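Enquirer: The structure follows.
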Amino acid sequence: MKNQETIEAIAQTPIGRRSFLGKTGWLGLGTAAMLTLGTSRHALGEKDSPAEKTEETEQAKDTVKEIFTAALIAEDLATTFYYNGLIGSVIQDPNLAGPGGSATNVTSAGNLGNVNYVQAALTEEISHANLLRSLLAIGSAGSDPVQTFYFPAGSFDSLGPFLGLLNALENAFIGAYLNAIQEFAVKSASVRDDWWWDRDGTRYSREELDYFAKVSATIMGIEAEHRVLGRVIGNNDPANNLAYEQTDGLNAVYNGPNSAVAALTPFLTSSTGPGYSLATALAHQGAVSLPVSGGPPAF
């Protein structure tokens, strides 16, 4: 209950979007073009299916603040997951560091490249969370809405459960960001008189909403990489087994029974299994993470 109350409090506070962008120098740099296909489809008189109508109803409930709150929770969850994978006994699997090995001492019986995949993924999830935290005007990770995440017992003991959970989580993250892209695109196309007004009273320009969609797409691409690299670690061939990434059954980000938040709920619930601290993961990640390059796209 405390988690839910904190999530709601953060999600309902208006975003100081312009002050954030002003500090980072991202204002006034361009727009993304989208929704031409959707507009043309409706112009031709094609009707929405019942599933599409449900999706549109659920997505319309999400505010920008709620979308990014859900995304921050997902990135913190991923941070906690990858950190504990790097320090858990699963790291001694031959497909990772090998028997007796560790994230910083891969044995000759292990696979350094596979360990590096996980180390880089940890760094990337932390970077995503930092961006979202700044956007939400959250001063530090200690003020994030969720501080403890719960995983099924044995998640970090052996490779099978770890990779099964990695696949499930990354598919959910991909689905969440795909929905976020669509939601920002719809808001952008619905701008009237220069502004989109969210139901929390915050207004956004079309350029801002287009940029939010671009950010979501760049993060989604990295989550898709994580999904495939997890399959590489598990020797699943072909690792790149999809022609298109999927929404994983999600039809919204924050609101509704098939939202990303609903999908994340088991990991916020103590009955799922042992709890793992976000603060601990962030305090010690430097010992096991791997530097990566790149930053958010230009506005």
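The values are calculated or read from the model by the stated rules, or taken from the named source; none is laboratory data. On a predicted model such as this, the values are computed, not experimentally measured, just so you know. Glycine gets a Cβ as well: all are built from the backbone with ideal geometry, and neighbour counts include every protein chain shown. Surface accessibility is based on the protein's heavy atoms, side chains included, excluding ligands, DNA and RNA. Shrake-Rupley method; radii C 1.70, N 1.55, O 1.52, S 1.80 Å.
Enquirer: So if R0 is 35 Å, what FRET efficiency would residue 284 and residue 4 give, r being the distance between their Cβ atoms, rounded to the nearest 0.05?
Expert: 0.80
Enquirer: How would segment 49-90 be classified by its alpha-carbon gyration tensor: rounded, prolate or oblate, with rounded meaning a/c under 1.5 and the a/b versus b/c comparison settling the rest?
Expert: Because a/c hits 1.5 or more and a/b fails to exceed b/c, segment 49-90 counts as oblate.
Enquirer: Choose one answer from 207, 170, 245: the residue with the largest mean-square fluctuation in a GNM of the chain with alpha-carbon springs under 10 Å.
Expert: Residue with maximal mean-square fluctuation among 207, 170, 245: 245.
Enquirer: I would also like to ask the following. Which of 243, 74, 103 moves most in a GNM of the chain, Cα contacts under 10 Å?
Expert: Greatest mean-square fluctuation among the candidates belongs to 243.
Enquirer: Given just the C-alpha atoms of the chain, how large is their convex hull per residue in cubic angstrom?
Expert: 135
Enquirer: Please state, to two decimals, what the Cα-based radius of gyration of segment 199-290 comes to when divided by 2.2 N^0.38 Å (N = residues).
Expert: 1.42
Enquirer: In the Gaussian network model of the chain, springs joining C-alpha atoms below 10 Å, which of 65, 187, 47 carries the largest mean-square fluctuation?
Expert: Highest fluctuation among the options: 47.
Enquirer: I've got another one for you. For segment 91-205, what is the convex hull volume of its Cα atoms per residue in Å³?
Expert: Working: hull volume 16.4 nm³, N = 115.
Measuring per residue, one finds 143 Å³ for the Cα hull of segment 91-205.
Enquirer: How compact is segment 165-215 by the rule of thumb for globular proteins, expressed as Cα Rg over 2.2 N^0.38 Å?
Expert: 1.36
Enquirer: Oh, and also: Take every Cα pair under 8 Å in segment 182-242 that's 6+ residues apart, average their separations, divide by the length, and report that relative contact order as a whole percent.
Expert: 24
Enquirer: Carbon and sulfur together cover what percent of the accessible area of segment 134-254 at a 1.4 Å probe radius?
Expert: Here carbon and sulfur together make up 51 percent of the probe-accessible area.
Enquirer: Roughly how many Å² is the accessible area per residue of the chain, as a whole number, for a 1.4 Å probe?
Expert: 45
Enquirer: Compare the peptides 226-232, 111-117 by average per-residue count of other Cβ atoms within 10 angstrom and give them in order, highest first.
Expert: Packing proxy ranking, top to bottom: 226-232, 111-117.
Enquirer: Considering the alpha-carbon set of segment 140-262 alone, what are its Rg and its Dmax in angstrom?
Expert: Spelled out, the Cα radius of gyration and Dmax of segment 140-262 are 17.3, 56 Å.
Enquirer: I would also like to ask the following. Could you tell me the number of lysine pairs in the chain with C-alpha atoms less than 22 Å from each other, where the two lysines are 8 or more residues apart or belong to different chains?
Expert: Lysine pair count for the chain: 12.
Enquirer: Using only Cα atoms, locate the centre of segment 75-125 and the centre of segment 213-288, then give the distance between them in Å, rounded to an integer.
Expert: One Cα centre to the other: 17 Å.
Enquirer: So what is the relative contact order for segment 70-160, in percent, with contacts set as C-alpha pairs under 8 Å and at least six apart?
Expert: Relative contact order comes out at 34 percent.
Enquirer: Hey, another quick one. Hydropathy first: keep DSSP H helices in the chain averaging at least -0.5 on Kyte-Doolittle, then drop any whose Cα extent along the axis falls short of 30 Å, and list what survives.
Expert: 64-87, 112-135, 159-189, 206-233
Enquirer: Separate question: Where in segment 149-190 does the amide nitrogen come within less than 17 Å of the point 7 Å from the Cα of residue 46, taken along Cα to Cβ?
Expert: Residues passing the 17 Å test: 182, 186.
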